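Engineer: What follows is a structure written as structure tokens; I'll ask about it next.
The values are calculated or read from the model by the stated rules, or taken from the named source; none is laboratory data. Here the structure is a predicted model, which is why all the values come from computation and not from measurement. Glycine gets a Cβ as well: all are built from the backbone with ideal geometry, and neighbour counts include every protein chain shown. When the accessible area is computed, the model is the full protein with side chains, heavy atoms only, and any ligands, DNA or RNA have been set aside. Shrake-Rupley method; radii C 1.70, N 1.55, O 1.52, S 1.80 Å.
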Amino acid sequence: MAFIGTSLDVGLAFFNPSARGYEANNDFSVDPASGFPTGPFITPGRYDSEGDWFLIPSFGFNYELDEKSTIGFALFGNGGMNSDYRDRPVWENFAAAPNQLAIGPGMTPPPGTIASPGGLLFTQTNPPMPVTDPNMPPPPNGNNANPGGFLSATGSTGVNLEQLFIEIPYTFKFADGKQAVGIAPVFAMQSIEVKGLQPFRAASLYPDKVSNNGTDWSYGAGLHLGWYGEVTDQLAFGMSYRTKMWMSEFDDYKGLFANQGEFDIPAMLNFGVAFKARPDLTLAFDYQRIFYGEVSSISNSNDNDISPCFTSNPKPAFCLGGDDGLGFGWDSMDIFKLGVRYDHDEKLSLMGGVSYNTEFASSRQALFNILAPATIRWHLTLGASYRFTEKDEFALAFSYMPEEELSGTSPSITQAQTGSIYMEQMDIQIGWNHRF
């Protein structure tokens, strides 16, 4: 920003994260005596998330205070998570049927019924039917496993997380005119809505704050620091660091996310180098690291045995909503980017780039990541900019992210069942720059 003068940028991205979804295999374990599954399982099949296109706007303004300093304003989306499985609830087999009866150790099933390995009662018919009694109270006064269907997954399953950032950068150029530093307070707001996770209420410290509570909002701030320097007329370096964004908690979902609804936005480090191989040809390389591992609700594993969470009172801290509660199991990520820019003439520039990132999570973290199957590893981009006048420039870019799949064994909660999550993406961006 220290080198571009007073200018305005407006952009709009058309983002298409489809196809995305999950595939569950038909290999869940079954009790040989009763024929019932030995634990929770996901209905076998391949399921795509609905919702194909999203609009992501951006806006930036830079004002030159004097020859050495500028101040600016930037507004942009930082991405998020969106999924909506409408064909059937993902976790429909993770809870007893509405008002189903359960028996405890040493109890005998009533005549005409059979107990599953989990103690849930079914009729001895073909096929077996859950034994229900809407008048049976829950424990400790009764043995109703699911009063009122409170733990039954109904409707669609999915999550919608949206993040909006506002930065106010100040830059200062050193006396040599080839180096500058910048600092920016960063303000963020994010919203989330989660649906279809009703069975996990039984494993939460706050059962009423897990799922289907509408849209909740969170607000916070952080700091962005940067440096840019031209070593020679051909070689330039840059680096920046954005701190963690300390966000307020999602109160309506404090029974789902770790630390009672905490959902901070991770810190990010960038380092880049640009080399002008010819007057009309520039090569660039960037390295980026996103510190997902420092945010518990994102990095905590979901490959844990949470069976005590369904029976213990009080519940341990590794239950949903606790300090060590289940998360998405994401690792801190490294991203490597290579780009090239060819200036055809004073008006037209052609650009291309490729980006590769390390895997975001292991295969045993797939369960919760059905909500956010962020499997993408490669980004391929082509673009161009054209200067219509001395003050106005328009840009167009197209990105394609090939489908990537994360497959393997499932976490302990689904026992032997295997499956995969997958995603493919496209992105079209248009932009307008005006210099004053």
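Engineer: Looking only at region 169-184, count every residue that is under 11 Å from Gly72 (Cα atoms), open to solvent by less than 50 Å² (accessible area, probe 1.4 Å) and in a strand (DSSP E or B) and tell me the total.
Structural biologist: Number of matching residues: 3.
Engineer: Here is a list of conditions, (1) surrounded by 15 or more Cβ atoms within 10 Å (Cβ to Cβ); (2) outside any strand (DSSP E or B); (3) in contact with a Ser or Thr (Cβ under 6 Å, 6 or more places away or on another chain), and Asp52 meets all of them except one; can you say which number that is?
Structural biologist: (1)
Engineer: For region 57-109, enumerate the residues that are more than 19 Å from the chain's Cα centre (by Cα), modelled with pLDDT under 90 and part of a strand (DSSP E or B).
Structural biologist: Gln100, Leu101, Ala102
Engineer: Only residues that are assigned to a strand (DSSP E or B) and surrounded by 19 or more Cβ atoms within 10 Å (Cβ to Cβ): list them for region 264-315, please.
Structural biologist: The answer is Ile265, Met268, Thr282, Ile290.
Engineer: I'd like to verify a number: residues in region 368-384 that are surrounded by fewer than 18 Cβ atoms within 10 Å (Cβ to Cβ) and not charged (D, E, K, R), how many? Explain how you work it out, then say what you get.
Structural biologist: Taking region 368-384 as the starting set, the residues that turn out to be surrounded by fewer than 18 Cβ atoms within 10 Å (Cβ to Cβ) are 377-378, 380, 382, 384.
Still in the running and not charged (D, E, K, R): 378, 380, 382, 384.
Matching residues across region 368-384 total 4.
Engineer: For Phe336, are the conditions met, namely being touching a helix residue (DSSP H, G or I) at 6+ places or on another chain (Cβ under 9 Å) and open to solvent by 70 Å² or more (accessible area, probe 1.4 Å)? Steps first, please.
Structural biologist: Working: touching a helix residue (DSSP H, G or I) at 6+ places or on another chain (Cβ under 9 Å): no; open to solvent by 70 Å² or more (accessible area, probe 1.4 Å): yes.
Answer is no for this residue.
Engineer: Just checking, how many residues over region 118-127 are open to solvent by less than 70 Å² (accessible area, probe 1.4 Å) and either part of a loop (DSSP other than H, G, I, E, B) or touching a residue at least 24 places away in the same chain (Cβ under 8 Å) (or both)?
Structural biologist: 4
Engineer: Going by the conditions given, is Ala153 assigned to a loop (DSSP other than H, G, I, E, B), among the hydrophobic types (A, V, I, L, M, F, W, C), closer than 24 Å to Ala203 by Cβ and modelled with pLDDT of 90 or more?
Structural biologist: The answer is yes for Ala153.
Engineer: Only one of (1) closer than 30 Å to Ser58 by Cα; (2) crowded, with 17+ Cβ neighbours inside 10 Å is not met by Ile166, so which one is it?
Structural biologist: (2)
Engineer: Mind telling me which of the residues Ser240, Ser204, Ser248 ends up being at negative phi and surrounded by 20 or more Cβ atoms within 10 Å (Cβ to Cβ)?
Structural biologist: Ser204
Engineer: For region 341-360, does any single residue satisfy the condition of being farther than 21 Å from Leu382 by Cβ and surrounded by 15 or more Cβ atoms within 10 Å (Cβ to Cβ)?
Structural biologist: yes
Each row is one residue, and each column tells you yes or no for (1) in contact with a His (Cβ under 8 Å, 6 or more places away or on another chain); (2) charged (D, E, K, R).
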position: Ala274; (1), (2): no, no
position: Asp280; (1), (2): yes, yes
position: Phe291; (1), (2): no, no
position: Ile298; (1), (2): no, no
position: Asn302; (1), (2): no, no
position: Asp305; (1), (2): no, yes
position: Pro308; (1), (2): no, no
position: Ser312; (1), (2): no, no
position: Pro316; (1), (2): no, no
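Engineer: Cβ-Cβ below 7 Å, separation at least six or inter-chain, first residue in region 317-329 and without any contact (Cβ under 8 Å) to a residue 24 or more places away in the chain, second open to solvent by 10 Å² or more (accessible area, probe 1.4 Å) and of a type outside the set (Lys, Arg): which pairs?
Structural biologist: Ala317/Asp323; Ala317/Asp324; Phe318/Asn304; Phe318/Asp324
Engineer: Restricting to region 1-30, give me the number of residues that are part of a strand (DSSP E or B) and at pLDDT below 90.
Structural biologist: Count: 1.
Engineer: If you scan region 243-294, which residues turn out to be more than 17 Å from Leu225 (Cα to Cα), more than 24 Å from the chain's Cα centre (by Cα) and not β-branched (Val, Ile, Thr)?
Structural biologist: Those that are more than 17 Å from Leu225 (Cα to Cα), more than 24 Å from the chain's Cα centre (by Cα) and not β-branched (Val, Ile, Thr): Ala274, Phe275, Lys276, Ala277, Arg278, Pro279, Asp280, Leu281, Leu283, Ala284, Phe285.
Engineer: Kindly list the number of the only condition in (1) without any contact (Cβ under 8 Å) to a residue 60 or more places away in the chain; (2) under 30 Å from His224 (Cβ atoms); (3) among the hydrophobic types (A, V, I, L, M, F, W, C); (4) buried (at least 16 other Cβ atoms within 10 Å of the Cβ) that fails for Ala102.
Structural biologist: (2)
Engineer: Follow-up. Between a first residue in region 379-393 that is without any contact (Cβ under 8 Å) to a residue 60 or more places away in the chain and a second residue that is surrounded by fewer than 16 Cβ atoms within 10 Å (Cβ to Cβ) and among the β-branched types (Val, Ile, Thr), which pairs have beta carbons less than 6 Å apart while being 6 or more apart in sequence or on different chains?
Structural biologist: Leu380/Val354
Engineer: May I ask you to list the residues in region 31-51 that are aliphatic (A, V, I, L, M) and at pLDDT 85 or above?
Structural biologist: Across region 31-51, the qualifying residue is only Ile42.
Engineer: Check whether at least one residue in region 327-334 is in a loop (DSSP other than H, G, I, E, B), of a type in the set (S, T, N, Q) and modelled with pLDDT under 90, and report yes or no.
Structural biologist: no
Engineer: Given the conditions (1) surrounded by fewer than 18 Cβ atoms within 10 Å (Cβ to Cβ); (2) in a strand (DSSP E or B); (3) free of Cβ contacts under 8 Å to residues at least 60 places away in the same chain; (4) not polar (S, T, N, Q), which single one is not true for Glu404?
Structural biologist: For Glu404, the failing item is (1).
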